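To start, I am sharing the structure in question, which I have written as structure tokens.
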There are 2 protein chains.
Amino acid sequence: MNNRTNEGVQPGPDGAETSSAAADPDRVQNPRYARFIADLLGVIAYGELSGFERLSSDARFSPTLADRAGIGRLAVQEFAHFELVSSHLAARGIDVEQAMAPFVASVDAFHERTRPADWFESLMKAYVIDAMSGDFYRALADRLDTETRGLIGRIDADDDTALLGRLLKEALADDPRLASRLALWGRRLVGEALTQAQRIGIEREFLGGLLFADTADPAAHTTALFAQLTRNHSRRMSALGLTA
Amino acid sequence: MNNRTNEGVQPGPDGAETSSAAADPDRVQNPRYARFIADLLGVIAYGELSGFERLSSDARFSPTLADRAGIGRLAVQEFAHFELVSSHLAARGIDVEQAMAPFVASVDAFHERTRPADWFESLMKAYVIDAMSGDFYRALADRLDTETRGLIGRIDADDDTALLGRLLKEALADDPRLASRLALWGRRLVGEALTQAQRIGIEREFLGGLLFADTADPAAHTTALFAQLTRNHSRRMSALGLTA
């Protein structure tokens, strides 16, 4: 990636036009907030686009044709989320490719370091990412303008987590020896996800610098959020009968 | 694949119910026709499902994020076709997984023998398959009942071929050395496609035995159809400036 794309999306001089569609004029007209939103939606868009590609190619290793179709359907839903976010950005005069560019390296690194070895690891990966993204979205919700909150809500409403959790439970019931392997895999997924999230946070002043800029201690908030995401993950692993 | 699935879909004893949705009662109530339709839609469904998986995983190698999104969109359209065919089969009391099963080996063999080495080969593969499928659908059209013809028409109406042809033309204009490589690749794709089509035709009495059963010389018809597909392919390659 060259320096130009790494600089990412800056709010343009046409700040008024950019914010015109939103219901929270004060927040939306703040250029730091506008950049935060471009970053947030950029990383979500690239997460969905790359998630779509990875999940749909993993679908091929599903044990049955019905599972292949089921996983394909989830992948298609991720592409639909990518399209939703693209339209939302376009309505604010932001090009989705430009918004995604700064996050390509981190998200790709996450995927390269977490290539599923089989169908079960692929299911678990989709489950962990999906559930953690949901937690993250809900943690952000009250800091977003109405329109962006609505968008994130629509993405979060597609309840893939339930289907993936059910498939994992069935797989674990069929082969209890899977449990230790998937528990280890789950820990690796969360570790890599948080590593890349921190990298993004540092490079883009993403969470600490922007999201919690109005709080007394942004660093503590970030730490608390990460701890919360990890706790929720542990709870979900336990629900599957796995040691997190 | 075991013998049971290889036997594929037989029209059930409830032939009347199976045909009730169609407008051509004579044809649809014929058990040979019912089996032909289950086979035809089974191979189309599996072609779309596996095409979706292959194309969306190839999308990752697109040169730009915009191309990745564009190819992703085509892949999603293939999945939508799979869903359309599934519903059509379900409405006739046929399970899509059962209908696809006999064709998994041949279609997978085609994909394994035609793994694109890069983005250009991937584009060309999608283009050739898409265009040949369209030709094939149009050649069948007047032998199908109204409902099935409508379904095939909807699938064929999504004009991916135009977009893919345009992307290929751009790529060839940017790098004329591509031409000989892609011409060779195009020949290989058609060769493998016709090989697998013949294999399916022999195993399933697919084209010769069923489709042209009402003509004087079914074998000659099959040969003529294959010759027509090859001619159309040559014409398209020439339009791209390639030697077919």
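Take the range B:158-178 and flag every residue that is part of a loop (DSSP other than H, G, I, E, B) and open to solvent by 90 Å² or more (accessible area, probe 1.4 Å). Even if it seems obvious, please write down each step before you answer.
Of the residues in the range B:158-178, the ones part of a loop (DSSP other than H, G, I, E, B) are B:158-159, B:175-177.
Answer for the range B:158-178, where residues must be part of a loop (DSSP other than H, G, I, E, B) and open to solvent by 90 Å² or more (accessible area, probe 1.4 Å): B:ASP159, B:PRO176, B:ARG177.
Please tell me if B:ARG181 is among the basic types (Lys, Arg) and either at pLDDT 80 or above or touching a Ser or Thr at 6+ places or on another chain (Cβ under 6 Å) (or both).
Yes; evaluated as a whole, the condition is true for this residue.
Here's something else I'd like to know. Being open to solvent by less than 10 Å² (accessible area, probe 1.4 Å) and among the aliphatic types (A, V, I, L, M) is the filter here, so list the residues in the range A:74-100 that pass it.
Correct list: A:ALA75, A:VAL85, A:LEU89, A:ALA99, A:MET100.
Yes/no per residue for (1) within 12 Å of chain A (Cβ to nearest Cβ); (2) assigned to a helix (DSSP H, G or I); (3) hydroxyl-bearing (Ser, Thr, Tyr):
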{"residue": "B:GLY70", "(1), (2), (3)": "yes, yes, no"}
{"residue": "B:LEU84", "(1), (2), (3)": "no, yes, no"}
{"residue": "B:ALA101", "(1), (2), (3)": "yes, yes, no"}
{"residue": "B:ALA105", "(1), (2), (3)": "no, yes, no"}
{"residue": "B:ARG115", "(1), (2), (3)": "no, no, no"}
{"residue": "B:ASP130", "(1), (2), (3)": "no, yes, no"}
{"residue": "B:ALA139", "(1), (2), (3)": "no, yes, no"}
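Please determine whether any residue of the range B:211-227 is in contact with a helix residue (DSSP H, G or I) (Cβ under 8 Å, 6 or more places away or on another chain) and at pLDDT 80 or above.
Within the range B:211-227, the subset in contact with a helix residue (DSSP H, G or I) (Cβ under 8 Å, 6 or more places away or on another chain) is B:211-213, B:215, B:218-219, B:221-222, B:225-226.
Filter once more, keeping what is at pLDDT 80 or above: B:225-226.
Looking for residues that are in contact with a helix residue (DSSP H, G or I) (Cβ under 8 Å, 6 or more places away or on another chain) and at pLDDT 80 or above, one finds at least one in the range B:211-227, hence yes.
I'd like to know if the range B:43-57 contains one or more residues that are at pLDDT below 90, within 23 Å of the chain's Cα centre (by Cα) and open to solvent by less than 40 Å² (accessible area, probe 1.4 Å). Walk me through how you get there before you give the answer.
As a first pass, look at the range B:43-57 and keep what is at pLDDT below 90: B:57.
Narrowing further to those that are within 23 Å of the chain's Cα centre (by Cα): B:57.
Restricting the remaining residues to those that are open to solvent by less than 40 Å² (accessible area, probe 1.4 Å) gives B:57.
Yes.
What number of residues in the range B:111-126 are out of contact with any Phe, Trp or Tyr (no Cβ under 9 Å at 6 or more places or on another chain) and open to solvent by less than 20 Å² (accessible area, probe 1.4 Å)? Steps first, answer last, please.
Keep residues of the range B:111-126 that are out of contact with any Phe, Trp or Tyr (no Cβ under 9 Å at 6 or more places or on another chain), which gives B:111-113, B:115, B:123, B:126.
Filter once more, so that each one left must be open to solvent by less than 20 Å² (accessible area, probe 1.4 Å): B:111, B:123, B:126.
So the answer is 3.
On to the next question. Return the pairs, sorted by first residue and then second, in which the second residue is part of a helix (DSSP H, G or I) and buried (at least 18 other Cβ atoms within 10 Å of the Cβ), the first residue lies in the range B:167-188 and is of a type in the set (Phe, Trp, Tyr), the beta carbons are less than 8 Å apart, and the residues are 6+ apart or on different chains.
The qualifying pairs are B:TRP185/B:GLU121; B:TRP185/B:MET124; B:TRP185/B:LYS125.
Among the residues of the range B:30-64, count how many are assigned to a helix (DSSP H, G or I) and more than 7 Å from chain A (Cβ to nearest Cβ).
24
The values are calculated or read from the model by the stated rules, or taken from the named source; none is laboratory data. In this text, all values refer to a predicted model and were calculated from it rather than measured experimentally. Backbone-built Cβ (ideal geometry, glycine too); neighbour counts: all protein chains shown. Accessible surface is based on the protein model in full, side chains and every heavy atom, while ligands, DNA and RNA are left aside. Shrake-Rupley method; radii C 1.70, N 1.55, O 1.52, S 1.80 Å.
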